[in-house]
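Here the structure is laid out as C-alpha cells; the discussion comes afterwards.
The values are calculated or read from the model by the stated rules, or taken from the named source; none is laboratory data. Keep in mind that what you see is a predicted model, and the values were worked out from it rather than measured. Quick reminder, even Gly has a Cβ in these numbers, built from the backbone with ideal geometry, and neighbours come from all protein chains shown. Heavy atoms of the whole protein, side chains included, go into the accessibility calculation; ligands, DNA and RNA do not. Shrake-Rupley method; radii C 1.70, N 1.55, O 1.52, S 1.80 Å.
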Amino acid sequence: MLKTDVECLYSCDTGGWISDTYWGKYKTIHAAVVIAMFGHIIIIISALPPVIANPSGALGCFSVGLIFFGIGVGFFKANISPMIAEQYEHEQPRAVIKVLKSGERVFVHPIITISSIMHAIIFFINVGSLLGSISMVYAEKYVGFWLSFVLPTCLFIFCPLVLLAFKSRYIRSPPTGSSLGKAIALIGLSMKMKDGWSVNPVTTFKNMRAPGFFDRVKPSNIPESERPAWMTFDDNWVDEVRRGLKACSVFVWYPIYWLSYNQLNSNLVSQASTMILGGVPNDVVNNLDPIALLIFIPICDKFIYPALRRVHINITPIKKITIGFVLSTISMAVAAIIQHYIYMQSPCREISGYGYIDNCREVLGLPADAPESSFKAPLTVWIQTPAYVIIAFAEICCSITGLEYAFTKAPKNMRGFITGVFWFSQAFSAAISQAFVPLATDPYLVWLYMTIAILSALGGVGFWFNFAKLDREEEALNALPDSLFKGSKNQDADFAALEAQKAEQEKIRHAQGLDKNPVLDS
C-alpha cells in the first residue's frame, strides 16, 4: 500500500500538469486507464500459483505491478473529478439571476451543485470499494489471490469502453499550454520587488501574505513597456492564481487528517483480528466505513446541508474541514479506548501491564482449532463500529470538501494540477506515517492512536486559526470574474464574446454586493 501511495505522490501532480498543459483531461484519463490496466495484469501474474511458489520472484513482479498501478491511479485521480464537474459547469458556469413563476428573483449558484457532484463521486467510489473489497476478500479466502486481482481487472476493462462510447457527449476541455510556469513566474516577479525575499524565511512568508503582494504584479499595474514577455494574461487571472494558492495552502494541513484516515486499512484491521470475529474475516470489518458513507453521504447532501441553509446556517468549506479534524480526533480516541480494553482483558495480560496478544494462543499452548474466546479478549469486533462511522463523517467533511475546494478555487486552466495537489497530501501522509511504525506494535498501540488523536486535535485548532479569515472571504472568492486568459493555446478565442460574458458576470457581482467587498490579498 505504501509503495502505491508513494507512486501516487509523484504521479498525481504530474498527471494534473500533463492534462492541463498537453493532453487535456479526457486523453490523460485514457492514458491513466492503460497504465493502471498494465499494472493490474502484472499483479495478476505475480499471484498465479506457479509464480507465487517462488516468493522472491512473486514479490518482485508484484512490486513492478504496483508501480505501474500507482502511476495510473495518480493520473486518474487528478483528472476524473474535474472532468465530471466540468460537464455541469458548461451548462451553468456562473451564478445567475432567475425569476420564478411567483415573480421572486433568486440567485442560482453552481457551487452548491458542484458540491453535490463531488458527494456523488465519492458515493460511487465507495460503491465500488464496498463491492470490490468484500468480493476480493472471499475470493482470496476460498480460491486464491489471483482471482481476487482478476475481479477488479475485469471491471476495469469497462472504463475505456465507457469513455469511448460517450466521447461525443463529453465536454472535453482542451489543454491550454504551460499555465503553471506563468503562475510560478508571477509569484517570482512579485518576490523580486520590494518587500519580497528575505534571509529570514518567516519574513518571506509574511511578505507573501501581505496585502498587495499579487496586486502589484497585475498587468494593469505594470507599464506595457516593462512587462515580461510571458505576461500575456489579464488582471483576473492573477486573482485566480492567488485563489488557487490559497487552496494549496489549505491542503498543506491535510496530511494530518489523512493520518487518521490511513488507519482504516492498516492498524484498525489488525485491531479487528484481536477480537472475537465470529467467522467474519478481519479485513471485511473495515467495510463499515464505505457502508457508513453510502448511508450518510446522501443524508448530508440532500437533507442536513439544505436544512441548515434554509435556517441561514452556511457551513463553508473551511468550517467543514475543521469539523472533519474534530471528528477524526474523536475516531482515534475511540480506537485508543478499544485498544486499551483489548489489552486489559487479554487472556495473556501480565498482572502489571498490558497483554501481548500477537501470539497469545501459542503462549497458552492452545491447539490451532481452539475457540477464539480462549485466547482473545472477550470483545466483539463490532465495537469498532463507532470508530469507522465517525471517520466516515470526517471523510464527508474533509475528503469531499477537498475535491470541491480544489475545483472551485483553482484557475480553470490549472484544475488538474490543483486537484493533484489535494491527492498529493494523502500520498505524502502515507509516506510520513512510516514514522509511526515503531508504535504500531504491542503494547504501544494505545499510544499510537492517542498520538494521532492529539495531532488531529492540534491540527484542527491550527487549521481554523490559520484560515478563519479566509473563511470570511468564501463568497467573494467564488464570485471572482473569470479571466479571459485560457493559456497559450487560446489565440483564436472569441474575445468579444468573452468580454460580453465578463460584463454579465460583473452585473451579477454587483447584484450580490460582492463588488463592494473585494477579496483581501492576504
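Go over the candidates 416, 460 one by one and state the one that is touching a Ser or Thr at 6+ places or on another chain (Cβ under 6 Å), within 30 Å of residue 174 (Cβ to Cβ), at pLDDT 85 or above and buried (at least 16 other Cβ atoms within 10 Å of the Cβ). Full working, then the answer.
Details: 460 fails: within 30 Å of residue 174 (Cβ to Cβ).
Sole residue among the options that is touching a Ser or Thr at 6+ places or on another chain (Cβ under 6 Å), within 30 Å of residue 174 (Cβ to Cβ), at pLDDT 85 or above and buried (at least 16 other Cβ atoms within 10 Å of the Cβ): 416.
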In segment 202-254, residues that are in a loop (DSSP other than H, G, I, E, B) and either over 25 Å from the mean Cα position of the chain (by Cα) or over 20 Å from residue 410 (Cα atoms) (or both) total 16
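Inspect all residues belonging to segment 44-64 and state whether any of them is closer than 20 Å to residue 424 by Cα and either among the acidic types (Asp, Glu) or touching a residue at least 40 places away in the same chain (Cβ under 8 Å) (or both).
Filtering segment 44-64 for residues closer than 20 Å to residue 424 by Cα gives none.
No, because not a single residue in segment 44-64 is closer than 20 Å to residue 424 by Cα and either among the acidic types (Asp, Glu) or touching a residue at least 40 places away in the same chain (Cβ under 8 Å) (or both).
Considering only residues of segment 312-339 that are at pLDDT 90 or above and more than 26 Å from the chain's Cα centre (by Cα), which is surrounded by the fewest Cβ atoms within 10 Å (Cβ to Cβ)?
Filtering segment 312-339 down to residues at pLDDT 90 or above leaves 315-339.
Now narrow it down to the ones that are more than 26 Å from the chain's Cα centre (by Cα): 337-339.
On the way: 337: 16, 338: 25, 339: 24.
Taking the candidates together, the pick is 337.
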Exception for residue 303 within (1) assigned to a helix (DSSP H, G or I); (2) in contact with a helix residue (DSSP H, G or I) (Cβ under 9 Å, 6 or more places away or on another chain); (3) more than 30 Å from residue 366 (Cα to Cα) falls at (2)
Restricting segment 340-360 to residues that are at pLDDT below 75 and either closer than 15 Å to residue 272 by Cβ or in a helix (DSSP H, G or I) (or both), the one most open to solvent (accessible area, probe 1.4 Å) turns out to be 358
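Among the residues of segment 440-457, count how many are in a loop (DSSP other than H, G, I, E, B), open to solvent by less than 40 Å² (accessible area, probe 1.4 Å) and of a type in the set (Val, Ile, Thr). Working first, answer last.
Looking only at segment 440-457, we keep the residues that are in a loop (DSSP other than H, G, I, E, B), and these are 440-444.
Now restrict to residues that are open to solvent by less than 40 Å² (accessible area, probe 1.4 Å): 442-443.
Retained after the next criterion (residues that are of a type in the set (Val, Ile, Thr)): none.
Selection size over segment 440-457: 0.
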Based on what the data block shows, is residue 177 within 24 Å of residue 236 (Cα to Cα), in contact with a helix residue (DSSP H, G or I) (Cβ under 9 Å, 6 or more places away or on another chain), open to solvent by less than 40 Å² (accessible area, probe 1.4 Å) and part of a loop (DSSP other than H, G, I, E, B)? yes
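What about residue 190, is it in contact (Cβ under 8 Å) with a residue 40 or more places away in the chain and in contact with a helix residue (DSSP H, G or I) (Cβ under 8 Å, 6 or more places away or on another chain)?
Details: in contact (Cβ under 8 Å) with a residue 40 or more places away in the chain: no; in contact with a helix residue (DSSP H, G or I) (Cβ under 8 Å, 6 or more places away or on another chain): yes.
Spelling it out, it is not the case that residue 190 is in contact (Cβ under 8 Å) with a residue 40 or more places away in the chain and in contact with a helix residue (DSSP H, G or I) (Cβ under 8 Å, 6 or more places away or on another chain).
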Would you confirm whether any residue within segment 248-265 is at pLDDT below 85 and touching a helix residue (DSSP H, G or I) at 6+ places or on another chain (Cβ under 7 Å)?
yes
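Just name the residue that is least open to solvent (accessible area, probe 1.4 Å) out of those in segment 364-381 that are in contact (Cβ under 8 Å) with a residue 24 or more places away in the chain and outside any loop (DSSP other than H, G, I, E, B). Don't jump to the end; show me each part of the working.
Filtering segment 364-381 down to residues in contact (Cβ under 8 Å) with a residue 24 or more places away in the chain leaves 372-381.
Add one more test, that the residue is outside any loop (DSSP other than H, G, I, E, B), and what stays is 372-374, 380-381.
On the way: 372: 48, 373: 86, 374: 42, 380: 63, 381: 0 Å².
Going through the qualifying residues, I end up with 381.
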Quiz item: Just a yes or no: is a residue in segment 264-283 assigned to a helix (DSSP H, G or I), closer than 27 Å to residue 433 by Cβ, of a type in the set (Asp, Glu) and out of contact with any strand residue (DSSP E or B) (no Cβ under 9 Å at 6 or more places or on another chain)?
Solution: yes
Taking segment 186-201 and keeping only residues that are open to solvent by 30 Å² or more (accessible area, probe 1.4 Å) and either assigned to a helix (DSSP H, G or I) or not hydroxyl-bearing (Ser, Thr, Tyr) (or both), one is left with 187, 189, 192, 193, 194, 195, 197, 199, 200, 201
